[in-house]
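Q: I have a structure here, written as structure tokens, and I will follow up with some questions on it.
Values in this text are rule-based calculations from the coordinates and carry no lab data. On a predicted model such as this, the values are computed, not experimentally measured, just so you know. Cβ coordinates were reconstructed from backbone atoms using ideal geometry, including for glycine residues, and neighbour counts include every protein chain displayed.
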Amino acid sequence: MDVFAHVEGLIRTALESMKADGELPAGIDFASVEAEAPRDKGHGDVATNAALVLAKKAKMKPRDIAEKLKERIEANDEIEKAEVAGPGFLNLTFQPEFWQALVLSILGSGPDYGRANLGGGAKMNVEYVSANPTGPMHVGHCRGAVFGDALARLLEFAGYDVTREYYINDAGGQIDVLVRSAFLRYQEALGVEIGEIPEGLYPGDYLKPVGAALAEQYGEALVQLDEAGWMPIVRAKAIEMMMVMIREDLAALNINHDVFFSEASLQANGRDRIREAIDALREKGLIYQGVLPRPKGHDDGDWEEREQTLFRSTEFGDDVDRAIAKSDGSYTYFAGDIGYHYDKLLRGFTHLINVFGADHIGYIKRMWSAVAALSDGKADFDIKVCQMVRLFRAGEPVRMSKRAGTFVTLREVVDEVGRDPVRFMMLYRKNDASLDFDFAKVTEQSKDNPVFYVQYAHARASSVFRNAVEAFEGLDTSLEALRAADLSKLKDAGEIELIRLLAGYPRLVEGAARAHEPHRLAFYLYEVASALHTQWARGNDSPQLRFIAQGDEGLTIARLAMISATRQVISSGLDLLGVEAPDTMR
């Protein structure tokens, strides 16, 4: 049960009653009425803005509406008290029985507790990572990969039909550099002394296996060919082996895409999706021949005015119109992205999310403009930016990877600290804020390490069940037994506070899904873990509060039901983050 949706239902019922009795105008609607947790816990369990948002429509003072609403709400058996506060907020406090019954609701829902139907089964395309296939994944890719995967999991849980997509940038200049670098390693595999890697080529050792594979398959045949002959052969092998490596790197983080879309396929097998997209924009009167203004700060001596094919992106909020074809007729990089997103729309996606790195911030407005133009404003398109990750070890910056040559690889980070710390910590900060990742801190076993603290809460909850069976011989801890527990025994303020936190999970999931912010889950799980650990510690000081009540099997079962509900929520939240929920920890 979503407590806040439940309260909104109670409020709207009371408001309808007020309208029927002439206390509110007949034509007034209550769509803007909401319930939320008050910022100050001393102000009750739930607060509503009903009186404030209805005052102008009703031509009444907010407090007058709030006082009348208070009378109606207080008649409900679930409500312990209702108080009017400030300019017209109404704060509600539930009876303890309400929270006790919520434990049964969580246990009854099981893994589906918190699941929403926000998406209604709508198709959602989440494109993330999309790194150039020119080498292994580096730590900069890691954050976007984890963020995109967690967001996809969250959106599925919220009712969307999600497709996880990776756009393979297998066309363009960076691929030519890859191919020439791989050909150099091929020569090296044949025994040629290549010396220092030339400036402009990729120096990492990761291309040595590509060279070796080419040497084994073709022997010296490729060196007999001119560049036009060996280029396509080396290109195919290099991209193939780079994508195998990238998939393996992502798999180490438990990330798997549904679709790997090739940029080169936009213009293959007799089709030209880029041309189709440009023609669609031209039919809308959004393509023209023109000259772009000189970019700000551009060296005058370097500037050359030339006519290009331009897209009227300024009609959709962009700063300047954008070139889609150069003066020689070749497509720009942006034109390829237009064609790719046109393909997404043709595949029936009405909801699109792209996860960008910090170096692509300047690309956002033009992409919004393109999708808005191609979809006639009907597509829901969001771009999330993941800021940089800085690596430290005990406070000292981590040096570059020997294998990659210029950066620290994703695989090196995962191999050193494990998948779970990497995933959780990449989400324990909002995506658009920079993140410092310290190898030492993410592996220490303390409250200051969020992933340990949350996983330990789940393991601790599991240990309570094992200890309870030892304390009470033959104790039945099955789901049926827990659901039959006398939950009226859960009266302590700490127990009620823990249940209140669990009650917020459905609304938390929905809010995080709406905002496309999976980091909210990580913060929430830390709060739930803290409440569980705090209650455990209180039991150490006050034996009557211990989860296993010596000599009182009924109270123990009631508390086990509460702990089971807590464990269920932590497990669910960790699963959405792609993190394991362990039953034991070393």
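Q: Just to be sure I understand: of the beta bridges DSSP finds with both ends in the chain, what percent are antiparallel, rounded to 5?
A: So the antiparallel bridges amount to about 50 percent of the total.
Q: Cut-off under 27 Å on the C-alpha distance; same-chain residues fewer than 8 positions from residue 430 excluded. Which lysines are left, in chain and number order?
A: Of all the lysines, those that pass the test against residue 430 - Cα under 27 Å, at least 8 places apart if same chain - are 41, 123, 365, 384, 441, 447.
Q: Now for a different question. To the nearest 20 debye, what is the magnitude of the charge dipole of the chain about its Cα centre, counting +1 on the Cβ of each Lys and Arg and -1 on the Cβ of each Asp and Glu?
A: So the magnitude is around 740 debye.
Q: Can you give the Rg to Rh ratio of segment 283-365, both from alpha-carbon atoms, with Rh computed by the Kirkwood formula?
A: When Rh is taken as the Kirkwood radius, the ratio is 0.99.
Q: So for segment 3-94, what percent of the C-alpha to C-alpha distances run longer than 21 Å?
A: Counting pairs separated by more than 21 Å, the tail of P(r) holds 20 percent.
Q: Before anything else, pin down the relative contact order of segment 91-166: Cα pairs under 8 Å, at least 6 apart, normalised by residue count, whole percent.
A: Relative contact order, segment 91-166: 42 percent.
Q: Which order do peptides 60-73, 463-476 fall in by mean Cβ count within 10 Å, highest first?
A: Ranked by mean Cβ neighbours within 10 Å, highest first: 60-73, 463-476.
Q: Relative contact order (percent) for the chain, with alpha-carbon contacts under 8 angstrom and 6 or more residues of separation?
A: Answer for the chain is 16 percent.
Q: Once you charge only the Cβ atoms, +1 for Lys and Arg and -1 for Asp and Glu, what is the size of the charge dipole of segment 450-577 about its Cα centre, to the nearest 20 debye?
A: In debye, rounded to 20, segment 450-577 gives about 340.
Q: Sort 373-384, 27-38 for me by packing, meaning the mean count of neighbouring Cβ atoms within 10 Å per residue, highest on top.
A: Averaged packing, sorted descending, gives the order 373-384, 27-38.
Q: Moving on. Compute the angle between helix 273-283 and the longest alpha-carbon principal axis of the chain, please, reported from 0 to 90 degrees and rounded to the nearest 10.
A: Around 80 degrees separate the two axes.
Q: Using the Kirkwood formula on the Cα atoms of the chain, what hydrodynamic radius do you get, in angstrom to one decimal?
A: Answer for the chain: a Kirkwood hydrodynamic radius of 27.9 Å.
Q: Another one. Counting only residues 5 or more places away or on other chains, whose amide H sits under 5 Å from the amide H of residue 163 once H atoms are built in the peptide plane?
A: 124, 125, 126
Q: Could you work out the relative contact order of segment 344-483? I mean the mean sequence separation of Cα pairs under 8 Å and 6+ apart, divided by the number of residues, in percent.
A: Relative contact order comes out at 19 percent.
Q: Would you calculate, for the chain, the mean residue ellipticity at 222 nm contributed by helices, counting each DSSP H stretch of 4 or more residues as -39,500 (n - 2.57) and dividing by all residues, to the nearest 500?
A: Per the formula, -15500 deg cm²/dmol.
Q: Follow-up. Starting from the Cα of residue 70, draw a straight line to each of the aspartates and glutamates and keep only those under 18 Å, dropping any in the same chain fewer than 8 residues away.
A: Reachable aspartates and glutamates: 8, 16, 21, 23, 34, 36, 45, 78, 80, 83.
Q: Here's something else I'd like to know. Order 129-142, 272-285, 412-425, 245-258 from most to least packed using the mean count of other Cβ atoms within 10 Å.
A: In descending order of packing, they fall as 129-142, 412-425, 245-258, 272-285.
Q: Give the residue from 329, 105, 229 lying farthest towards the positive end of the charge dipole for the chain; charges sit on Cβ (+1 for Lys and Arg, -1 for Asp and Glu) and the dipole is referred to the Cα centre.
A: Towards the positive end, the residue furthest out is 105.
Q: Which one, 11, 91, 28, projects farthest toward the positive side of the charge dipole computed for segment 3-94 from Cβ point charges (K/R +1, D/E -1)?
A: Toward the positive end, the furthest listed residue is 28.
Q: With everything on Cα atoms, drop me the angle between helix 450-471 and the longest principal axis of the chain, reported from 0 to 90° to the nearest 10.
A: 50
Q: Still on this model: Find the Cα radius of gyration of segment 417-549, compare it with 2.2 N^0.38 Å by division, and give the number to two decimals.
A: Output field value: 1.23.
Q: Same structure, new question: Given H placed on each backbone N at 1.01 Å, which residues far from residue 390 in sequence or on other chains put an amide H within less than 5 Å of it?
A: Counting only residues 5 or more places away or on other chains, the set is 435, 436, 437.
Q: So what is log10(I(q)/I(0)) for segment 143-251 at q = 0.19 1/Å, when the Debye sum runs over its Cα atoms only?
A: -0.95
Q: Once amide H atoms are built 1.01 Å from N in the peptide plane, which residues 5 or more positions from residue 80, or in another chain, come under 5 Å H to H?
A: Residues meeting the criterion, in which the H sits 1.01 Å from N, are 93, 94, 95.
Q: Hey, another quick one. Mind pulling the angle between the C-alpha long axis of helix 493-503 and the longest principal axis of the chain? Nearest 10 degrees, somewhere in 0 to 90.
A: The helix 493-503 is inclined about 50 degrees to the chain.
Q: Size of the dipole of segment 173-252 about the Cα centre, Lys and Arg at +1 and Asp and Glu at -1 on the beta carbon, nothing else charged, in debye to 20?
A: Dipole size: approximately 240 debye.
Q: Which residue, 217, 250, 206, has the largest displacement toward the positive end of the dipole of segment 173-252 when charges sit on each Cβ (Lys, Arg +1; Asp, Glu -1)?
A: Farthest towards the positive end: 250.
Q: Between residue 223 and residue 20, what is the FRET efficiency for a Förster distance of 56 Å, r being their Cβ-Cβ separation, to the nearest 0.05?
A: 0.05
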